[in-house]
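Here the structure is laid out as structure tokens; the discussion comes afterwards.
Every number in this text was worked out from the coordinates using simple rules, so none of it is lab data. For clarity, every value in this text was computed on a predicted model and none was experimentally measured. Virtual Cβ from ideal backbone geometry, glycine too; neighbours counted across all protein chains shown.
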Amino acid sequence: MIARQGAVRNLYTGKCVFLIVVQNKGADRCVSPLLFLPYLCSMKQGPRVLNINDYTYNLPEDRIAQYPLAERDASKLLVYKNGGITEAPYRDLPAHIPQDAFMVFNDTKVIEARLLFRKESGGQIEIFCLEALGVEPTTAMMQQGEATWKCLVGGAGKWKTGALIRTWEGVTLTAEKLGQVPDGYQVKFTWTPEELHFAEVLHRAGLVPLPPYLHRSSEALDTERYQTVYARTDGSVAAPTAGLHFTQGLIEALRDKGVDTGFVTLHVGAGTFKPVKADRMEDHVMHAEWIDVTRTFIQTLRDTKGPVIPVGTTALRTLESLYWMGVKAQGGTKNLDLTQWEVYEDLPQEMTTKQALDGLLEWMDGRDRLVAQTQLLIAPGYRPRVARALVTNFHQPGSTLLLLVAALIGVDWKKVYAYALEHDFRFLSYGDGSLLWFKK
């Protein structure tokens with residue numbers, strides 16, 4: 001009989017659990033068993049070894065909200081705190097937020113990214129603008145006369161050569177397919193009048209890009225309701241849906257209580273709907289998205305004493321990315337863009353939030369805005385550095401957004417989602433919401 005010691009990292013607490021393994025006649029037996037861990041993970045591997053099949057559940061089609069409720073804040077709110085679950089109307093959210101909290105909203109604005117053309121033969125071609133090539137989104141929206149984008153093309157087989165031309169509301173738009181790029185096509189747009197910005201061209205010519213799981217075309221109401229009331233900066237092809245519940249009245253009620261509010265910009269890409277097809281996360285490429293944050297916001301965030309509560313996964317991803325960009329800045333790195341795995345494998349882990357944000361402000365060196373890309377994957381094994389709770393909707397099975405929730409509340413994500421299904425909560429973009437306080 002041989003006894004040996006080993007250690008594994010608990011993916012939900014970040015702490016190491018020590019085991020004594022006894023080998024008797026070739027068979028290993030753990031004297032100290034690990035409970036509730038679906039897998040083991042080394043400190044270096046992090047979420048690479050996660051199996052997406054451990055993060056799925058049965059979501060009936062009739063639980064997916066096809067349309068928003070008549071009133072934004074009439075939705076239901078699930079509150080998870082200290083392992084317990086309660087319900088409230090969404091408009092009662094201020095009662096569940098501490099007076100000294102700092103709530104952070106993503107003020108990105110959904111662009112009308114779907115363009116419909118007809119060939120001379122009568123066949124329809126749909127072009128879905130995914131991301132600008134060569135420039136960041138805010139600059140791309142201000143381009144005049146021409147722009148080049150990565151696009152999805154519906155009916156691409158029918159569009160072999162030649163330009164597509166169509167006129168809407170006084171705008172003549174021409175699309176020319178330049179070639180294939182990974183997961184899409186490179187398309188050059190030109191238009192008249194040339195003095196119009198591309199954002200205005202899309203506003204006149206395009207349609208709202210609804211999530212694919214709604215299985216319906218956009219309607220007039222989606223133009224208003226698939227947009228937050230505080231949307232300001234054009235650039236997203238999907239809404240930060242946790243914010244769809246908020247009215248100006250609800251925001252004012254939070255402020256009247258003494259809750260501070262701030263705004264960041266993360267332009268949501270179509271990758272937010274990208275399914276995880278690989279069994280192990282190391283084979284999944286996380287989508288990169290642009291963030292745009294002011295110096296004043298970073299200073300406010302650094303000086304905040306109360307809990308930081310982002311509204312939506314995109315706001316959370318922005319806040320946590322700011323921390324890691326600050327870590328990189330403190331290390332003397334000039335390029336602050338975050339790649340998928342570096343926060344788990346390459347960067348120091350013990351820097352305080354204040355130290356990181358101080359480093360970020362010093363790196364900005366008088367610049368008013370930080371514009372960078374983040375590919376940050378928040379999954380079990382990740383420890384939040386900035387936020388203490390999250391306002392969010394209910395997400396698709398087997399998605400990176402569900403991995404994010406599991407990273408924050410551990411295996412209780414199963415309890416939360418089971419409760420929501422059993423108590424008639426509506427799911428996904430137009431569905432109900434939740435306030436999740438992280439496990440300590």
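Summary of the geometry: segment 66-130 and segment 228-282, compared by the centres of their Cα atoms, lie 7 Å apart.
Here is the list for segment 246-335: trypsin sites (Lys or Arg not before Pro) lying in DSSP coil, each with at most 16 other C-beta atoms within 10 angstrom of its C-beta, are 277, 305, 334. Mind running the shape call on segment 38-141? Use the C-alpha gyration tensor, a ≥ b ≥ c as the square roots of the eigenvalues: rounded below 1.5 for a/c, prolate if a/b tops b/c, oblate otherwise. Prolate is the answer for segment 38-141, as a/c is 1.5 or above and a/b outweighs b/c.
With a ≥ b ≥ c the root eigenvalues of the C-alpha gyration tensor of segment 113-207, is it rounded (a/c under 1.5), prolate (a/b larger than b/c) or oblate? Oblate shape, in that a/c is at least 1.5 and b/c is the bigger or equal ratio. In this structure the amide hydrogen of residue 369, modeled in the peptide plane, comes within under 5 Å of the amide hydrogens of 295, none closer than 5 places in sequence on its chain.
Computed about its Cα centre, the charge dipole of the chain is approximately 1320 debye, with only Lys, Arg, Asp and Glu carrying charge at their Cβ.
Peptides 214-220, 388-394 ranked from most to least packed, by the mean per-residue count of other Cβ atoms within 10 Å: 388-394, 214-220. Length available on full extension from residue 260 to residue 180: 0.36 nm per residue minus the Cα-Cα distance, which gives 24.2 nm.
Across the options 95, 155, 142, the greatest Cα extent toward the positive end of the charge dipole of the chain (unit charges at beta carbon of Lys, Arg, Asp, Glu) belongs to 95. The amide H of residue 196, built 1.01 Å from its N in the peptide plane, has 145 as neighbours under 5 Å, considering only residues 5 or more places off or on other chains. At the listed q of 0.07 Å⁻¹, the Debye profile of the chain, built from one uniform point per Cα, gives log10 I(q)/I(0) equal to -0.38.
Sequence-ordered 3J(HN,Hα) estimates for segment 228-239 from the Karplus curve with 6.51, -1.76 and 1.60 and θ = phi - 60° stand at 6, 6, 10, 4, 9, 10, 4, x, 9, 10, 8, 7 Hz, glycine and proline given as x. Here the Karplus curve 6.51 cos²θ - 1.76 cosθ + 1.60, taken at θ = phi - 60°, turns the phi angles of segment 173-185 into couplings of 10, 10, 10, 10, 7, 8, x, 8, 10, x, 6, x, 10 Hz, with x standing for Gly and Pro. Of the residues 382, 323, the one with the fewest other Cβ atoms within 10 Å heads the list, and the complete ranking is 382, 323. What you get for segment 288-375, charging only the Cβ of Lys and Arg (+1) and of Asp and Glu (-1), is a dipole of about 280 debye around the Cα centre. For segment 127-140, backbone phi angles converted through the Karplus equation (6.51, -1.76, 1.60; θ = phi - 60°) give residue-by-residue couplings of 10, 10, 6, 8, 7, 6, 9, x, 9, 7, x, 4, 5, 4 Hz, Gly and Pro being listed as x. Is the shape of segment 195-318 best called rounded, prolate or oblate, per the rule: a/c under 1.5 gives rounded, else a/b larger than b/c gives prolate, else oblate, with a ≥ b ≥ c the square roots of the Cα gyration tensor eigenvalues? In terms of gyration-tensor shape, oblate. Calculate for the chain the 222 nm mean residue ellipticity that helices alone would give, adding -39,500 (n - 2.57) per DSSP H run of length 4 or more and normalising by residue count, nearest 500 deg cm²/dmol. It lands at -6000 deg cm²/dmol. Taking a sphere under 13 Å around the Cβ of residue 98 and counting the other residues whose Cβ falls inside, with K and R at +1 and D and E at -1, yields a net charge of +2.
The stretch between residue 156 and residue 423 holds 91.8 nm of extra length on full extension. This uses 0.36 nm per residue minus the Cα-Cα distance. With a cut-off of 12 Å between beta carbons, the residues surrounding residue 318 carry a summed charge of -3, where Lys and Arg count +1 and Asp and Glu -1.
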